Structures are given as structure tokens and as C-alpha cells.
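The values are calculated or read from the model by the stated rules, or taken from the named source; none is laboratory data. The model shown is predicted, which means the values in this text are computed figures rather than measured ones. Note that each Cβ is placed from the backbone with ideal geometry, even for glycine, and that neighbours are counted across all protein chains shown.
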Ligand SMILES: [Zn+2]
């Protein structure tokens, strides 16, 4: 704990000294010559919403910080839209003046409520990659559902020890009863470990676990609207202001290690829904969880998807593989001030 705090402090000192001496801007100029960076956001939440969300902190940026980042990108980068991005690659040209494309994954409600007004205010465009099954859906994504149910269970047990036995029996069905015996300081980490393991399950296997967790339902009625997704009216409204929408799969199935049939179904269903709702074809795609394999790439090629984004760090230059394009994931803790934001974009810390 102490060591990681010390590390953070050193990073901050390093970031500020490189920033204030101008070294960082010089480095940016050199390293980004002819290249583009693609920023990957997920959620932009107010402080109040951040208190209520069950999303992981690695996909959240505070709305005030997001505004500072937009102002910074406008000032120090050449923020381009999807059309210019595609045009530059298609024409075989190099990118100019530290080109930057802003993207969002998943299609969260806050993209409309918090990010969209700021994108308009600063006159910048963005691409939002939608997991189309969730657009207009009023429930929770499975990861938020797991965090919600388990946290709720801990709250209930704290108030009413009588429930402990019932929960223990229920969770024993799926070998998760050990979670009830964990000390407070290990719960969060263990829930995340479980979620990480659950990513590798098929939807059916995962649903068995989710249904067991749901059966621990109790009195907790914490508002869950914060973790909702966009609806099609909001998507349509944003389209009129130049926000582009492209697929991020249909169900957010991870496309690594799954059959060609499954990849094809996810890609086609998502593209078809967007095409029929918005009346435009989609040439871009972002891999759920940023994960892919050769099979997924082959299917995208077969389906005529031209550009696909991963979550691997890096820059894009003339000749980059356009079906494994890198992006820089931005969240509160790797971008809490502008020196750190720039360091993260440049891959320094
Ligand atoms: Zn995603």
C-alpha cells in the first residue's frame, strides 16, 4: 500500500517536471509525428453518480475532469472525426499535428447526459461503439449486476445476521459461499477476481451464476438508473450533431476463442441494428474488452468491416494494421491532471 502510494507520488513528480520544463510537449511532437492517437473512454460521471455506480473505476472519468481533458485535447491535439480518420488512412497519407480521435465503448447513458453536452460545447466529435443488445435496455450489464448483488448481500448480512445462513446455502450451489467469510478489505478485490473469471464463461454458464446471485435479492433498493444504457432516441439525437455510432458487438461477447458462427452473429446483428436504426452503414468496430484473435479478424474481413479497434496501447501510423488499431484507455486515476493525462496518452507512465 505504502509502496504503491510512493510509486504514484513519483509518477506525479515525474509527470509534472516533464510537463513544466516543456520536455513532454517536445517528446509529444517527436513521437506523434505522422501518427494519430485514439482515446478510449467509457463513462463520464458526476461525483454524485460515481457514488452510486457499480461500474469499475477503470472505465470512469469524472465530468469535470473530462471537460478539462477536452479543452486540453482541443488546445494541444488535432482532434479529428471518424470521416477524417478514415479518409487519412484510405488516402495513404500521414496524420498531421498530433491527430486525435475520441471514442467511447459500450453506449452508457452518461455519454448522452454528461459527455455529449461537453463534446458540443468544445465542438469536437466522437465515435461511440454500441453493444446493441443493451441500447434501450433498462436492466444492468452483467458485471454491474454482480457487483450490485454481492454488495447488497454484504449490506444485508451486516444488518441482519439471520440472513447469513440463507445466503451461505444459496452461494454454496455455485461455490461462492466463501465470499461471505471474507474480511471487508478483501471483498472488492475478490469480487473483481470473480468478474474476471466470469468473462471467460459462455453466456449460459454465466447466467446460471447470475441467477443464483439474483436469488439473494434483498431489501436494498439503491437507485440503479445511473448504470443504464443509451436508448435509440438519444442515439438518434446525437447523430444529428455528428456523433458517429459503430458496433461493439451485440451482446458484448468477447470475440477471442469463440467460434466463427458466434463472431459472425455478433458482428452482423450489431451492424444490422445500427444500419436499420440510423440508416447508415458502419465500417468501424471495437472489440468487446479489446480482445480478439485471428479468427475474429478473419470474420471481420469477411464481413467487410474495414477498421477495428482494440484496447492495446499504441499510436496509429500509415501502414498500421487496420483491424487491430490501438487505443489509449483513459480513466480518472491515469489522467487526474493534465501532465498525467499527457503522459498516459504518450505511454510514458
Ligand atoms: Zn466494452
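Structure notes:
- None of 251, 269, 215 is over 22 Å from the mean Cα position of the chain (by Cα) and touching a residue at least 24 places away in the same chain (Cβ under 8 Å) except 215.
- Test result for residue 95, within 16 Å of the ligand (Cβ to nearest atom) and touching a helix residue (DSSP H, G or I) at 6+ places or on another chain (Cβ under 6 Å): no
- Here residue 280 passes the criteria (1) buried (at least 20 other Cβ atoms within 10 Å of the Cβ); (2) more than 20 Å from the chain's Cα centre (by Cα); (3) not in a helix (DSSP H, G or I) except the one numbered (1).
- Scanning region 102-119 for residues that are part of a helix (DSSP H, G or I) and within 15 Å of the ligand (Cβ to nearest atom) yields 109, 110, 111.
- Of the criteria (1) surrounded by 18 or more Cβ atoms within 10 Å (Cβ to Cβ); (2) away from the ligand (no atom under 16 Å from the Cβ); (3) not in a loop (DSSP other than H, G, I, E, B), which one residue 124 fails: (3)
- For the residues 328, 322, 348, the requirement of being over 18 Å from the mean Cα position of the chain (by Cα) and within 22 Å of residue 130 (Cα to Cα) singles out 322.
- Annotation: of all residues in region 37-68 being under 17 Å from the mean Cα position of the chain (by Cα) and in a helix (DSSP H, G or I), the one that is farthest from residue 327 (Cα to Cα) is 49.
- Just one of the listed residues (179, 209) is more than 26 Å from residue 111 (Cβ to Cβ), modelled with pLDDT of 90 or more and crowded, with 16+ Cβ neighbours inside 10 Å, namely 179.
- Only one entry of 144, 159 meets the criterion of being at pLDDT below 95, surrounded by fewer than 21 Cβ atoms within 10 Å (Cβ to Cβ) and within 16 Å of the ligand (Cβ to nearest atom), and that entry is 144.
- Being more than 19 Å from residue 284 (Cα to Cα) and either out of contact with any strand residue (DSSP E or B) (no Cβ under 6 Å at 6 or more places or on another chain) or in a loop (DSSP other than H, G, I, E, B) (or both) is not true of residue 84.
- Residue in region 283-294 that is surrounded by the fewest Cβ atoms within 10 Å (Cβ to Cβ), counting only those that are more than 14 Å from the ligand (Cβ to nearest atom) and in a loop (DSSP other than H, G, I, E, B): 293
- The residues listed here are 349, 322; of these, the one that is out of contact with any strand residue (DSSP E or B) (no Cβ under 9 Å at 6 or more places or on another chain), in contact (Cβ under 8 Å) with a residue 60 or more places away in the chain, in a loop (DSSP other than H, G, I, E, B) and surrounded by 16 or more Cβ atoms within 10 Å (Cβ to Cβ) is 349.
- Residue count, region 17-36 (criterion: in a loop (DSSP other than H, G, I, E, B) and either within 16 Å of the ligand (Cβ to nearest atom) or exposed (fewer than 15 other Cβ atoms within 10 Å of the Cβ) (or both)): 4
- Residues that are in contact with a strand residue (DSSP E or B) (Cβ under 9 Å, 6 or more places away or on another chain), under 24 Å from residue 202 (Cα atoms) and assigned to a helix (DSSP H, G or I) within region 238-267 comprise 266, 267, listed in sequence order.
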